[in-house]
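These notes are about the structure you will find just below.
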Amino acid sequence: MLDGPKSGQVQRLFRAARTASRRQRINAAVRRLLSLLPLPLGYGALALAWVKWAAPSVDTPSALAGHFRLLAYGWVVTLCIPLLGAVSGWLSQRRPQLGALALDRHHQSADRITSALSFSELAADHRSPWMEAAISDALRTVERPNAARAVPLRLPRATWLSVGLALLVVGISRLSPRAEPPRAILPAPQAISAVDLSEDDLAALRESVADLGAGRDNPELSGAIARFNQLVEQLAEHQLDRRQLFQRLAELERSLGAPSELDAAVDAGLRDIASELEKSPLSRPIAEALKQRQLPDAERALRELAERLTRKEKVSDSELERLRKALADASQQSAGRLQRLEEARRNLEQEQRRLLNKKKKDGDAPATPPEAAQADQKRRLDHLERERSEAAGAQQELSQLDRDLAKAAQELMRELGQSADSLRSGAEDVNRMAQKQMTERDKQELKQKLEELKQLLRQGGAGREEHLRQLRQFSERARGKPGGGSGNDPQAGNGPGGKSQGQLVLGPGGQRIPIPMPQQGSGSGGPPSSGNGQGKGEAGSQDWGSGTDPKLQGDPSQLDGKMEDVSAAAVDTGQGSSTSEVVFGAAQRGFTGSRYQKIYTQYHTVAEDVLEQESIPAGYEFYVRRYFQLIRPRTTP
Amino acid sequence: MTGQGQTASSQERTHGARLEWQTAMSETREVEREAERFRHSLSALREEIGRVIVGQRVVIDGVLTCMVAGSHALLEGVPGLGKTMLVRTLSKALGLSFSRIQFTPDLMPADVIGTTVIDEVQSGAKAFEFRPGPIFANIVLADEINRATPKTQSALLEAMQERSVTVGRKTHNLEHPHLVLATQNPLEMEGTYPLPEAQLDRFFFKLNVPFPDREDLHQILERTTTDHAVEPRTVMSRQELLELQALARKVPVAKHVQDFAVRLLLATRPQHPDAPASVRRFVREGASPRGAQAVLMAAKIRALMEGRFAAALEDVRVSALPALRHRVLLNFEGEAEGIKTDSLLEEILKALPEA
């Protein structure tokens, strides 16, 4: 470092250069800071505007807090950018000569100060006289170095933008926030416990009504089927709970109407007509068909008779006479029945009036005709009235047929052709009645489907657990374990090692039901509904359960039920597979094969017969039919 | 005893320091005097040249700088701009020997450096005698140097670099100072042999001689078309010139100035990471270290001319163009685009930070 008298002046140069350098660094830092400051200020203005105007629209306080947190993070990040810029600006101006060069520029000293400071930093013995001369020259040239003027602290142009944005932020902060109109609080939608049916059940329901109403132009039936399909789709969409579903089913059932009593009266009328027509060999086929309620057959028979008459086949006069008489009698059957009923009703009314008069005459005397007899009279009268009303309806229904038969009878002896036309007209009447009958049958079938659906729902509802428990008990008994070894838990003590059921099949609503398997062995214990104690079977062990049912009653070995040994033997031809092998193989191949089709047909026929003949709950009929539908033979797996 | 001893010691130290300071001050004054003499001498020389040559201040200063640096200059300009006149005037003002060589394609090296001839000595015997060529003058004007064959050019340039000529087995030193001022015409390129890059590097400065402006033309006409012919006077001796050359080398250079010159040189090199994009694109080869030497030497001379005792950044900036323009070689793309090395250098100087 420089010694001697010049050292003080050189020190002054050094200080000035340092000051100039510091001011340069301040300038650089401020320039970077202010050029980047619009970023956080602009962000702040936007964020504040959002807080003032958009934040009140946010639904929940937690969401609002989340938004605020996000805004705060964003602001901190944007604020860090100018700060980092300022730091980098401060550090970028660290070169020591910059301050001295700035002084040189200001004093137009052509690097004299910078060179002098550079030379003065050298050791004295390394400084040449020329360097000393350069230092002296610098001191002479720049007597009073002025760092403040050399490096004035200036605000960059971006300052005004920052100031403007700062004012904007202040202005926004002073504005009052937007008032959010009170929001209508809607009640929370009630969650319904929708009825849940398996896809199989839904598919079966859809298929069950697919064939109903086909070819019949009955808007009432078509509407009912459409409503049923809509109901099934709503079930698939889980839009209905149990209560709603049962309401809808009831409405649908009501729309289908009750089984018409009129039909019974019409049946009776047709039977009467048949009994008369039976008397003629020519009209006997018609009578047979009417008796069996096979209206299409009756129509066909009428048309055939008309054809025979048209063709004027050889028919003896006596046959024609018998036919005429039969037709005439048949045409009067409805009217005659109605007359008989009317007469019976009149007789009963007279009897009733007579009894009332007698009662009045007897005064306080004990009632000879008891009240019970009077009530009986009234019941009979009501019954007759109802019968008369039905007969009237039936007569109205059959009146056209009666007229056609009567006309055919009158013209039979005069003109066979005209008589045939009347019979054809009668066939049309029968056809109309047949159509009506078929529509009615479809309605009843649809009602049957509704009933099956109800059963399905009942089984999947409140009583489902009990139902399943019963099924399990049944399976245990079927395995030869009559309720023994189980206390509270129906599964405790089951089989070897307390293992659970061997095989499960789908029950109502997709619930798995245990099916006894031969290899599971049998339980030990008391008879059904008897025993006392807990099952002691342990999971994983090979021991049977032990103990008795607390409700044990009677002798477990006494079986009161009638038993019948049934044995079935098939003719073993020694050719081909056994039935079980065919069924097993078909199941593996996807229910294909001609042998399986044959076996399926046999089993299905038997099942259908049983379903028709036996009184089986509708819900179970559904499952049996569904089961056979699922295992039906297929052409391709 | 101790107190008196300490006082005496302190007084001795103070006296010693004062003596040192006085010595330093006297040395500083001596330096200042030398610098003042330098400036005065060059000013006188410049004035004397200015009496003959109209305008061309930059060219004159450049030639003077080369002369003080003891190096050679390449003057480029169209004919008739006073290049020969300038060199002739300079030689007369300095009182130095001068020779002019007009380069032509048939010029032989011997025509430049001299030849050995058989001559008869006083005893009557015959002996080989070296007859020096025009290169042996203090100031040599190599007019239209690019018209000579490379062989002849090489002979001249070797003499310029080595400051000696070897003929036969004998080396002949050239007298100091030795200054070659070569000229070349930038327009007539047919039948010329452009100087190779290695030869160009041997010129300290390449000075572009500009066409005189209107005022200067008036003065030129007035001086050359009347009977009032101005004959230059000798204002500086050869010895003075050698002292000035020695003096110029004493000028110190601060670290930041030298660093600036180094960074400037590196920036001309396309391979360097600090080189601007234009240099990377258009420059084939940057300046050699000889270029930085020229820049710094020229900066020192300029500082002295300006009355300073140390070279400044501005001196480097001013010296950069004539010292580097012939050392920065353009690539094909640069040539095709018509890029001027002067504009590239100006771009570098503009972008280069001071510290």
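No lab work stands behind these numbers, since they all come straight from the coordinates. Being a predicted model, the structure only gives us computed values, none of them experimental. Every residue, glycine as well, gets a Cβ built from its backbone with ideal geometry; the counts of neighbours run over all protein chains shown.
Shape index of region A:80-178: Rg/Rh, with Rg the Cα radius of gyration and Rh the Kirkwood radius from the inverse mean 1/r over Cα pairs, equals 1.29. Pairing the Cα long axis of helix B:214-224 with the longest principal axis of chain B, what angle in degrees results, from 0 to 90 and rounded to the nearest 10? The angle comes out near 70 degrees. Every helix of 4 or more DSSP H residues in chain B counts as -39500 (n - 2.57), and over all residues that averages to -16500 deg cm²/dmol at 222 nm. The C-alpha atoms of chain B define a longest principal axis, and helix B:289-305 lies at about 60 degrees to it. For region B:34-71, list residues with backbone N below 18 Å from a point placed 7 Å from the Cα of B:His228 toward its Cβ? Zone members listed by number: B:48-55.
An oblate overall shape is assigned to region B:201-250, the ratio a/c of its alpha-carbon gyration tensor axes (a ≥ b ≥ c) being 1.5 or greater and a/b not exceeding b/c. Residues whose amide H comes within less than 5 Å of that of B:Thr115, counting only those at least five positions distant or on another chain, are B:Arg131, B:Gly133 (H built at 1.01 Å from N in the peptide plane). With a ≥ b ≥ c the root eigenvalues of the C-alpha gyration tensor of region A:588-637, is it rounded (a/c under 1.5), prolate (a/b larger than b/c) or oblate? Cα axes put region A:588-637 in the oblate bin.
In a shell of Cβ-Cβ distance under 14 Å around A:Ser88, excluding A:Ser88 itself, what net charge do Lys and Arg (+1) and Asp and Glu (-1) give?
Summing Lys/Arg as +1 and Asp/Glu as -1 gives +4.
Proximity of backbone amide H atoms, modeled 1.01 Å from N, is registered between B:Arg284 and B:Leu329, B:Leu330, B:Asn331 at under 5 Å, excluding neighbours fewer than 5 places apart on the same chain.
Annotation for region B:143-221 versus region B:1-40: alpha-carbon center distance of 50 Å. May I ask you to derive the FRET efficiency for A:Arg322 and A:Arg380 from their Cβ-Cβ distance with R0 = 45 Å, giving the value to the nearest 0.05? The pair A:Arg322/A:Arg380 has a calculated efficiency of 0.75. The angle separating the long axis of helix B:150-162 from the principal Cα axis of greatest extent in chain B is about 20 degrees. For region A:35-109 versus region B:250-306, the inter-centroid distance based on Cα atoms is 41 Å. A straight line joining the Cα centroids of region B:318-355 and region A:589-637 runs 101 Å.
Over region B:76-198, the fraction of Cα-Cα pairs per 10 Å bin, rounded to whole percents and listed from the shortest bin up, is 13, 40, 32, 12, 3, 0.
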